[in-house]
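Here the structure comes first, spelled out in structure tokens, and everything after it is commentary.
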Amino acid sequence: MPFAFGFLPSPIGTAVVVRGDEGIVALRFTDSAPEQALERMLAGLRGAALPDPAGFDELAHQLEEYFAGHRRTFDEALDLSATRGFARAALEAIRRIPYAETAGYGEVAAAAGSPRAARAVGTACATTPISLLVPVHRVVRADGSPGEYGGSPEVKRHLLALEAAHGAVRA
């Protein structure tokens, strides 16, 4: 099955997005060559992708609104079918964390049905194929400190600050 891909600009790097028949299967931000990020993503998906420049216009608009502080949720179908077991349950629990709020790894583990699996939640966050739309940036350490986000704690702090600053905005 061929996938469609697009490169979208954002304040935290180029969003490399891959969509399949059921929805977005991968979204990563990179500040280096997006083509290399796409290659790594497709290797994990075991597929080929065709460029679809106009096919991601709506997502690009939603990202612009989010980074401007005017959007709290995204209206995009997500395909998490490649993520299985507890990691999938953890990502589904993370999707329920409201905008401008955070949850600890242990809280997410409990919400996903395995209260002692905080480390597994960390692994699910680190390996999620879909960044931002699955808001893993809202998962924080037990002491409230942000922790990592795709190897960039600065980006995680930026996203949390953005949401905190616009938490009262309705969109």
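The values are calculated or read from the model by the stated rules, or taken from the named source; none is laboratory data. Note that the coordinates shown come from a computational prediction; the quantities given were computed from them, not determined experimentally. No Cβ is skipped: glycine too gets one built from the backbone with ideal geometry, and neighbour counts run over all protein chains shown. Calculation scope for accessible area: heavy atoms of the full protein, side chains included, ligands and nucleic acids excluded. Shrake-Rupley method; radii C 1.70, N 1.55, O 1.52, S 1.80 Å.
Brief remarks on what is shown
- Gly44 fulfils the conditions (1) in a helix (DSSP H, G or I); (2) at pLDDT 95 or above except for a single criterion, (2).
- Options Ala100, Ala93; residue that is under 30 Å from Gly113 (Cβ atoms) and open to solvent by less than 20 Å² (accessible area, probe 1.4 Å): Ala93
- Of all the criteria given as (1) assigned to a helix (DSSP H, G or I); (2) closer than 22 Å to Tyr99 by Cβ, the one not satisfied by Ala15 is (1).
- Among residues of the stretch 96-147, those that are among the aromatic types (Phe, Trp, Tyr) and within 20 Å of Phe29 (Cα to Cα), counted: 1
- A count restricted to the stretch 4-40 and to residues that are open to solvent by less than 70 Å² (accessible area, probe 1.4 Å) and either closer than 20 Å to Asp75 by Cβ or among the β-branched types (Val, Ile, Thr) (or both) stands at 20.
- Residue check, Gly122 at positive phi, open to solvent by less than 30 Å² (accessible area, probe 1.4 Å) and either of a type outside the set (A, V, I, L, M, F, W, C) or assigned to a helix (DSSP H, G or I) (or both): no
- Selection within the stretch 134-161 - open to solvent by less than 20 Å² (accessible area, probe 1.4 Å) and at pLDDT 90 or above: Val134, Pro135, Val136, His137, Arg138, Val139, Val140, Lys156, Leu159
- Enumeration of residues in the stretch 104-117 that are in contact with a strand residue (DSSP E or B) (Cβ under 8 Å, 6 or more places away or on another chain) and buried (at least 20 other Cβ atoms within 10 Å of the Cβ): Tyr105, Val108
- Matching residues in the stretch 66-90 - criterion: being open to solvent by 50 Å² or more (accessible area, probe 1.4 Å) and under 19 Å from Gly167 (Cα atoms): His70, Thr73, Asp75
- The condition of being open to solvent by 50 Å² or more (accessible area, probe 1.4 Å) and part of a helix (DSSP H, G or I) holds for Glu58.
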